Ligand SMILES: [Fe+2]
């Protein structure tokens, strides 16, 4: 994670991202009550793979399950009423090639809190491409097959719950995880939507974008109001196309980082990941006035670095403070040496621990804030096991006092991205709950662990025991009910 003060004065996935700009996407809408489809999914043949992102704690699960009245250690806070949903790539068919983190059919894992009882469900998102796979249909030109995996994030937006994937439109799902089809904001968003939109807590607006490697404009910025209606669409001309995984807002600015991971059209047609790391080009940081919203107002070229995720950003007198997970370089190859070479860290406070998946109290988006959370990536463990994604502890950063606390899970237990849920009626950033899935590698089971943000190093308030394993995954959110 890094911190900047600015003074004013996925091989096929990425190919698909590029090619999605060349072909108009056809939005189809299905409504699945689908017992037949679900039955077919349930009877699928299990497979194993020696791909490092499909082994051990990363291996997909093959059953959709429903478990009610889950066993709990500790006590569920009485004000928790809602659903924790998390998305993840969970390939249905054994892939012949697999480019993590950019491929794999999306699966949602959901934990429901209602009337003091807790239940769990997991469901594949029934995307067009997954349905084709289930039917055994092969695209005529597989190299040009545009797959929308819907595997990266899941949010609530107005009355909708959306599974997000940056190279395609969101898939709308129900609270019970049935797939309703692609969602295009009433026809206003045509091609794709970032998997990392940002809610402005002051206005209720959702700020997001879509990028393209080929179609002009390379970037379009959208704002949806609190009812989910698009109220702003701003085409933005960039000097060159860029892969933009995330953006962040402050009270007055929209911020993008253009990192030197450059699209290479020849590589796109020859196969492989069509992206080249060109550190000589440096990383460019752009600020655009949200309220004028017509062009980039400020560019800063810095030394090259990569970032997937912002934590937050805010304005402080004549400065913009931006917090993010900072990678000095990025290599997107599926071998453990590349995984170990991609080292990210947070430097807002002096800290060299490798971290990513930053979260914070979203009521503070774009504003000064105190607490942020990230899992610590254990590189030694990853090197010894030869498998990525071991997160044995969660870090709570106090960005005001420049300290941190660690919640370490018991040996053999590994967490993922966390989410912060404010206590009902609570206003302080420490008055709430930090929850994350924690998996036991040996038992093949998982817990949803709820930690008191104000007593972060103490025993969790509750562990909700799932009799199944939740594989490592990407992003999730709390949906209040
Ligand atoms: Fe992400």
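Here are the numbers for the structure shown:
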quantity	calculated
Qualifying position, being within 14 Å of residue 312 (Cβ to Cβ), crowded, with 21+ Cβ neighbours inside 10 Å, modelled with pLDDT of 95 or more and within 16 Å of the ligand (Cβ to nearest atom), among 373, 369	373
Residue in region 7-49 that is modelled with the lowest pLDDT, counting only those that are farther than 29 Å from residue 264 by Cα and in a helix (DSSP H, G or I)	35
Residue under evaluation residue 451, criteria (1) under 17 Å from residue 70 (Cα atoms); (2) crowded, with 22+ Cβ neighbours inside 10 Å; (3) away from the ligand (no atom under 16 Å from the Cβ), criterion not met	(1)
Test: residue in region 50-57 that is part of a loop (DSSP other than H, G, I, E, B), at pLDDT 90 or above and within 16 Å of the ligand (Cβ to nearest atom)	no
Filtered residues of region 101-114 (kept if at pLDDT below 90 and in contact with a strand residue (DSSP E or B) (Cβ under 8 Å, 6 or more places away or on another chain))	101, 103
Some residue of region 231-244 being part of a loop (DSSP other than H, G, I, E, B), modelled with pLDDT of 90 or more and surrounded by 18 or more Cβ atoms within 10 Å (Cβ to Cβ)	yes
Residue within region 378-389 that is closer than 23 Å to residue 78 by Cβ and buried (at least 19 other Cβ atoms within 10 Å of the Cβ) present	no
Matching option when the condition is surrounded by fewer than 20 Cβ atoms within 10 Å (Cβ to Cβ) and not in a loop (DSSP other than H, G, I, E, B), among 156, 226	156
Test result for residue 428, more than 16 Å from the ligand (Cβ to nearest atom), within 26 Å of residue 198 (Cα to Cα) and in contact with a helix residue (DSSP H, G or I) (Cβ under 9 Å, 6 or more places away or on another chain)	yes
Out of 470, 400, sole residue that is in a loop (DSSP other than H, G, I, E, B), crowded, with 16+ Cβ neighbours inside 10 Å and away from the ligand (no atom under 16 Å from the Cβ)	470
Region 169-198: number of residues that are closer than 25 Å to residue 113 by Cβ, under 16 Å from the mean Cα position of the chain (by Cα) and more than 16 Å from the ligand (Cβ to nearest atom)	1
Residues of region 202-211 classified as within 16 Å of the ligand (Cβ to nearest atom) and assigned to a loop (DSSP other than H, G, I, E, B), total	0
All positions within region 91-109 that are away from the ligand (no atom under 16 Å from the Cβ) and either over 15 Å from the mean Cα position of the chain (by Cα) or part of a loop (DSSP other than H, G, I, E, B) (or both)	91, 92, 93, 94, 95, 96, 97, 98, 105
Failed criterion for residue 250 (all others in (1) more than 16 Å from the ligand (Cβ to nearest atom); (2) within 26 Å of residue 99 (Cα to Cα); (3) within 21 Å of the chain's Cα centre (by Cα) hold)	(2)
Selection status of residue 382, over 16 Å from residue 474 (Cα atoms) and in a helix (DSSP H, G or I)	yes
Considering residues of region 339-360 that are within 24 Å of residue 434 (Cβ to Cβ) and modelled with pLDDT under 75 only, the residue farthest from the ligand (Cβ to nearest atom)	350
Whichever residue in region 297-323 is within 16 Å of the ligand (Cβ to nearest atom) and part of a strand (DSSP E or B) and, among such residues, is nearest to residue 363 (Cα to Cα)	312
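Each row is one residue, and each column tells you yes or no for (1) out of contact with any strand residue (DSSP E or B) (no Cβ under 7 Å at 6 or more places or on another chain); (2) away from the ligand (no atom under 16 Å from the Cβ); (3) under 30 Å from residue 464 (Cβ atoms); (4) at pLDDT below 95.
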site	(1), (2), (3), (4)
116	yes, yes, yes, yes
119	no, yes, yes, no
130	no, yes, yes, yes
139	yes, yes, no, yes
145	yes, yes, no, yes
155	no, no, yes, no
167	yes, no, no, yes
213	no, yes, no, yes
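Results for (1) modelled with pLDDT under 75; (2) within 25 Å of residue 235 (Cβ to Cβ); (3) surrounded by 13 or more Cβ atoms within 10 Å (Cβ to Cβ), shown as yes or no for each residue.
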| residue | (1), (2), (3) |
| --- | --- |
| 287 | no, yes, yes |
| 326 | no, no, yes |
| 332 | yes, no, yes |
| 337 | yes, no, no |
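The values are calculated or read from the model by the stated rules, or taken from the named source; none is laboratory data. Everything quoted here is computed from the prediction, not taken from an experiment. In this analysis, Cβ positions are derived from the backbone assuming ideal geometry, glycine residues included, and neighbour counts consider all displayed protein chains.
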